[in-house]
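Asker: Starting off with a structure, shown below.
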Amino acid sequence: MSALESSIVLPPGFEPATDGREGEAYYLNMGPQHPSTHGVLRLVVRLDGETVLGVVPHPGYVHRGIEKMGENMSVLQYLHHTDRLDYLSSLGNSLSICLIVERALGLGVPERADYIRVILCELQRIASHMLWWGVFGMDLGAITTFFYGFRDHELITQLFEEVCGARLTLNYFRPGGVAQDVPADFLAKVQVILEQTRRSLDEYDRLLTKNVIIQERTHGIGVLPAATARSYGCSGAVLRASGVDYDVRKHDSYSIYDRFAFDVPLGRNGDCFDRYEVRMREMAQSVRILEQAVAQFPAAGPWRSKELPQYKLPAGSWFRWVEAARGAFGTFIVSDGSLKPVRIKNRSPGFSNLSVLDEIARGAKLADLVTILSSLDIVVPDIDR
Amino acid sequence: MIASLHSLTAAELAARYPATHPVGDWVRAHLAPAGAFTVNALIALALTTVFVSLTALFLVWMERKVCARFQLRLGPNRVGPFGLLQTLADGLKLFLKESFMPREADFFVYHLAPLIPITSSFMVFCVLPFDHNIQIADPQGGLVYLAAFLGMGVFGVLLAGWASNNKYSLLGALRSGAQMIAYEISYVLCLLLIVLASGSASTRDIVLAQQGTVLDWWLFKLPGCGALGFIIFIISSTAELHRAPFDIAEAESELTGGFHTEYSGMGFSMFFLSEYANLFVASGLGATLFLGGFLAPQFGFGPLDRALELVPGCVWFMLKVYGLVYLYMWLRWTFPRLRVDQLMSLEWKFLLPVALGNLAVAAVLVALGWLLP
């Protein structure tokens with residue numbers, strides 16, 4: 001190492017170069033205010049010309065200490081805070097806590113509530129993937145897709161508003177069921193959304209998937225081998241695109257997912273295109289689940305089992321994960337039998353998926369870094385918590 | 001040379017399409033030659049300034065309206081009728097903004113850079129034939145002049161990126177420099193194709209060489225070569241204009257603003273203005289070279305042809321230009337962006353060989369006299 005090299009203060013997270021590129025590399029700060037870091041993520045990129053030599057993500061700009069807050073309130077009070085983690089799959093987040101409380105206290109869930117939960121969770125998965133699709137197109141320079149994604153996302157958001165009064169932070173699931181019954185025309189509205197979604201998926205394919213520039217820019221970019229994906233704890237579409245067959249809904253089933261027939265789409269190469277395609281096929285599978293759920297939906301019945309005055313978890317530790325839109329979202333609660341938990345930890349899929357970025361972005365071009373980051377589909381509040 | 005290519009002789013052409021405008025004639029009749037030249041030049045300068053500014057304002061509005069329609073939105077609709085005055089309001093806002101210069105930036109170069117692209121746009125406007133007698137200058141080497149000034153625009157981008165003292169700007173400028181130099185080659189090869197076919201580099205002569213029916217436009221003439229040349233022209237001019245799918249110089253998803261990241265106020269609006277002025281120039285050039293410029297479309301059907309002839313040439317020219325402008329906008333709001341290395345291989349490995357081969361085939365066709373489809 002030359003005297004000059006040793007006198008340079010490197011950005012945190014970087015070691016002095018050993019790859020023979022000393023003096024050629026430079027460091028570029030992307031974010032926290034940057035159009036394609038999806039919120040307030042900061043990346044420090046080591047570059048040689050346009051080629052990425054290393055990336056260090058710096059999350060934490062929207063850290064709110066939500067898990068710590070959970071130690072000062074009852075589990076029921078904590079429930080709505082999880083909507084602020086991954087705000088695009090807020091229902092999945094709260095479902096994991098509801099499942100824990102139901103198992104710990106032996107609460108039954110009425111069948112109607114189970115179906116409402118599955119229908120809304122799958123709708124939210126579709127909505128989240130639609131939004132991701134729009135943003136992915138925009139990150140690759142096709143700004144128009146953003147508006148198409150939002151158009152279809154909006155239909156689902158409107159249904160959420162009719163069901164529970166909120167559009168984003170829904171706070172709708174409760175231990176033992178859901179907060180209130182769905183409106184009378186709920187199923188009809190779901191049918192309309194399914195119809196629209198089928199049309200939209202076809203349109204997405206024609207607009208973006210089959211576009212030659214998209215094909216050129218995503219094939220072979222950001223290849224994530226299955227072993228790496230496993231060792232980093234990746235989940236969701238990122239894991240399945242690498243060919244690892246793991247879907248919490250299928251392999252660690254919860255709620256009533258075992259009643260529905262659906263496939264788990266898998267990729268082969270683990271590149272950006274596979275991650276793209278897996279998400280597109282997941283939307284089609286969600287439509288399939290929704291069709292069955294709508295057909296089996298109980299016409300009447302209670303939507304919540306008897307409410308308890310307090311939800312005190314018995315002493316012990318409890319864990320449950322669910323398949324949220326971005327991957328496996330888990331909640332871990334340690335309880336000493338009192339009203340407030342001793343410790344709450346949320347396992348967010350985004351954090352594990354982001355941690356693989358440096359590994360797969362090396363050697364790619366700067367524009368590919370944006371593609372890879374977008375294909376990981378992160379939501380920053382989910383990472384920072 | 002020209003007269004041999006179509007039915008009218010040079011004398012007939014001159015009589016049918018007089019080269020001088022009545023206003024210029026009037027000035028020349030009333031003043032000494034030196035004075036008349038000065039007055040005419042000043043009139044032309046004033047007209048160009050007003051026209052370029054208004055066109056750029058209108059094109060910004062049009063782009064926003066067109067992209068809004070593509071994106072399920074309404075676009076600007078509050079300021080003035082149909083939101084037409086929105087860009088004027090935005091321009092006023094930019095004018096009143098503080099002109100911010102980053103610390104350590106090169107003062108002289110930083111302030112010089114935005115002026116270069118807009119200057120080159122103005123210079124190029126001078127040789128566009130809006131009508132047979134509405135053209136500021138018609139030099140014999142019109143296309144050479146045009147290629148020279150179009151190529152000047154890259155200096156503004158390069159200098160802006162270098163002087164801003166910002167890594168994003170520098171990356172944008174480097175990309176843009178590589179891109180413009182590469183695509184200029186196939187761009188100029190398309191110009192050469194037309195020079196070869198029409199036997200002249202004067203823009204007016206090129207238009208007049210397309211006399212006849214629609215099939216006499218260079219787009220359709222020269223079996224296959226004209227159409228291929230047009231496609232290459234559209235691709236390489238999109239790259240020259242930094243428009244999607246070739247907007248890597250200001251790719252906002254990775255480089256935020258690219259070369260103009262550090263520009264605000266008037267510096268930014270100069271870049272913006274020249275971008276849209278250049279859009280008009282590229283479309284005008286496409287219309288002139290391939291679509292018969294100011295000539296009315298003729299279909300070989302007497303009454304219809306005569307009716308179309310009644311519409312003034314400048315109206316036809318503008319219609320063709322705005323048709324091409326719409327094409328560029330359509331491309332921009334439909335396609336994703338190419339990556340920088342893909343952009344380079346598209347030019348060097350595909351467009352350049354194709355354009356060269358096209359030129360060679362066209363040369364043989366011209367030598368054999370096989371011009372008609």
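Every number in this text was worked out from the coordinates using simple rules, so none of it is lab data. The shown structure was predicted, so the numbers you read here are calculated from the model rather than taken from an experiment. Here Cβ is always computed from backbone atoms with ideal geometry, including for glycine, and neighbour counts include all displayed protein chains.
Asker: Amide H to amide H, which residues 5 or more places from B:THR261 or on other chains are under 5 Å from it, using H placed in the peptide plane?
Answerer: So B:THR261 has HN proximity to no qualifying residue.
Asker: Counting each DSSP H run of 4 or more residues in chain A as -39500 (n - 2.57), what helix-only mean residue ellipticity at 222 nm follows after dividing by all residues, to the nearest 500 deg cm²/dmol?
Answerer: Per the formula, -13500 deg cm²/dmol.
Asker: Another question, then. Rounded to the nearest 5, what % of the DSSP beta bridges within chain A are antiparallel ones?
Answerer: Counting DSSP beta bridges with both partners in chain A, the antiparallel share is about 100 percent.
Asker: Hand me the trypsin sites (Lys or Arg not before Pro) from the stretch A:127-191 located in a DSSP loop with no more than 16 other Cβ atoms within 10 Å, in residue order please.
Answerer: Listed in order of number, the matching sites are A:ARG167.
Asker: Amide H of A:ILE221 versus every other amide H placed in the peptide plane: which residues, excluding those fewer than 5 positions away on the same chain, fall under 5 Å?
Answerer: Answer set, sorted by chain and number: A:CYS272, A:PHE273.
Asker: Mind checking the angle between helix B:352-368 and chain B's longest principal axis? C-alpha axes, 0 to 90 degrees, to the nearest 10.
Answerer: Result, in degrees: 10.
Asker: Can you tell me the length gained on complete extension of the stretch A:VAL264 to A:ARG64, counting 0.36 nm per residue apart and subtracting the Cα distance?
Answerer: Length gained, A:VAL264 through A:ARG64: 68.6 nm.
Asker: Now for a separate question. Just subtract the alpha-carbon distance of B:PHE95 and B:LEU112 from 0.36 nm times their residue separation and send over the number in nm, one decimal.
Answerer: 4.4 nm
Asker: Angle check, please: helix B:142-163 long axis (alpha carbons) against the longest principal axis of chain B (alpha carbons), in degrees 0 to 90, nearest 10.
Answerer: Tilt relative to chain B: about 0 degrees.
Asker: Something else about it: Expressed as a whole number of Å, what is the distance separating the alpha-carbon centroids of the stretch A:205-226 and the stretch B:211-230?
Answerer: Here the answer is 37 Å between Cα centres.
Asker: Could you go through the stretch B:194-201 in sequence order and give the Karplus-derived ³J(HN,Hα) for each residue, using 6.51 cos²θ - 1.76 cosθ + 1.60 with θ = phi - 60°, rounded to whole Hz, and x for Gly and Pro?
Answerer: Ordered by residue, 3J(HN,Hα) equals 6, 4, 4, 6, 9, x, 8, 9 Hz.
Asker: Give or take rounding to whole Å, what are the principal axis extents of the alpha carbon atoms in the stretch B:101-368, in descending order?
Answerer: Here the Cα extents, ordered largest to smallest, are 67, 37, 35 Å.
Asker: Next up: Given 10 °C and 1.306 mPa s, how large is the Stokes-Einstein diffusion coefficient of the stretch A:255-373 in µm²/s, with Rh as the Kirkwood radius over Cα pairs? All intermediate terms of the calculation are to be shown ahead of the outcome.
Answerer: On the way: Rh = 18.4 Å.
Using the Kirkwood radius from Cα pairs, D works out to 86 µm²/s.
Asker: Could you work out the equivalent-ellipsoid semi-axes for chain A, taking the square root of 5 times each eigenvalue of the Cα gyration tensor, largest first, in whole Å?
Answerer: Here the semi-axes work out to 38, 26, 17 Å.
Asker: Between A:ASP263, A:ASP83, A:ASP274, which gets the highest mean-square fluctuation from a Gaussian network model of chain A, Cα cutoff 10 Å?
Answerer: Of A:ASP263, A:ASP83, A:ASP274, the Gaussian network model singles out A:ASP263 as fluctuating most.
Asker: Suppose we keep just the alpha-carbon trace of the protein assembly as shown; what are its Rg and Dmax in angstrom?
Answerer: Using the Cα atoms of the protein assembly as shown, the pair Rg, Dmax is 31.5, 106 Å.
Asker: Applying the Karplus parametrisation 6.51 cos²θ - 1.76 cosθ + 1.60 with θ = phi - 60° to the phi angles of the stretch B:206-221, what ³J(HN,Hα) value in whole Hz is obtained for each residue in order, glycine and proline being reported as x?
Answerer: Ordered by residue, 3J(HN,Hα) equals 4, 5, 5, 5, 9, 3, x, 8, 4, 5, 8, 5, 5, 4, 9, 6 Hz.
Asker: Here is a follow-up. Report, to the nearest 10°, how far helix B:225-240 tilts away from the longest principal axis of the Cα atoms in chain B, using its own Cα long axis and a range of 0 to 90°.
Answerer: In chain B, helix B:225-240 runs at an angle near 20 degrees to the longest axis.
Asker: What nm distance separates the two modelled labels at B:LEU327 and A:ALA284, each placed 7 Å from Cα along Cα→Cβ?
Answerer: 3.6 nm
Asker: For the stretch A:106-197, compute the orientation-averaged projected area of the C-alpha convex hull (one quarter of its surface), in nm². Show your work: numbers first, answer last.
Answerer: Numbers: hull surface 25.9 nm².
If I average the Cα hull's projected area over directions, I get 6.5 nm².
Asker: For each of B:GLU252, A:GLU195, count neighbouring Cβ atoms within 10 Å of the residue's Cβ, then give the residues from fewest to most.
Answerer: Numbers: B:GLU252 18, A:GLU195 11.
Least crowded to most crowded, the residues run A:GLU195, B:GLU252.
Asker: Per-residue HN-Hα couplings for the stretch A:334-343, Karplus 6.51 cos²θ - 1.76 cosθ + 1.60 at θ = phi - 60°, whole Hz, x for Gly and Pro?
Answerer: Those phi angles translate into 9, 10, 9, x, 8, 5, 9, x, 6, 8 Hz.
Asker: Roughly how big is the stretch B:101-368's charge dipole about its Cα centre, with Cβ charges of +1 (Lys, Arg) and -1 (Asp, Glu), in debye to the nearest 20?
Answerer: Here the stretch B:101-368 has a charge dipole of around 300 debye.
Asker: Let me ask something additional. Order these by the 10 Å Cβ neighbour count, fewest first: A:ARG279, A:ARG362. Before the final figure, lay out each step's value.
Answerer: On the way: A:ARG279 26, A:ARG362 16.
Listing A:ARG279, A:ARG362 from fewest to most nearby Cβ atoms yields A:ARG362, A:ARG279.
Asker: Quick one: order B:ASP305, A:ASP258 by neighbouring beta-carbon count within 10 Å, fewest to most.
Answerer: A:ASP258, B:ASP305
Asker: Continuing with this model, one more query. Identify which of B:PHE290, B:PHE220, B:PHE95 has the largest mean-square fluctuation in a Gaussian network model of chain B, with springs joining Cα atoms closer than 10 Å.
Answerer: Of the options given, B:PHE95 has the highest mean-square fluctuation.
Asker: In the stretch B:101-368, with Lys and Arg counted as +1 and Asp and Glu as -1 at Cβ, which of these residues, B:VAL154, B:TRP348, B:SER200, has the Cα nearest the positive end of the dipole, that is, farthest along it?
Answerer: Of B:VAL154, B:TRP348, B:SER200, it is B:TRP348.
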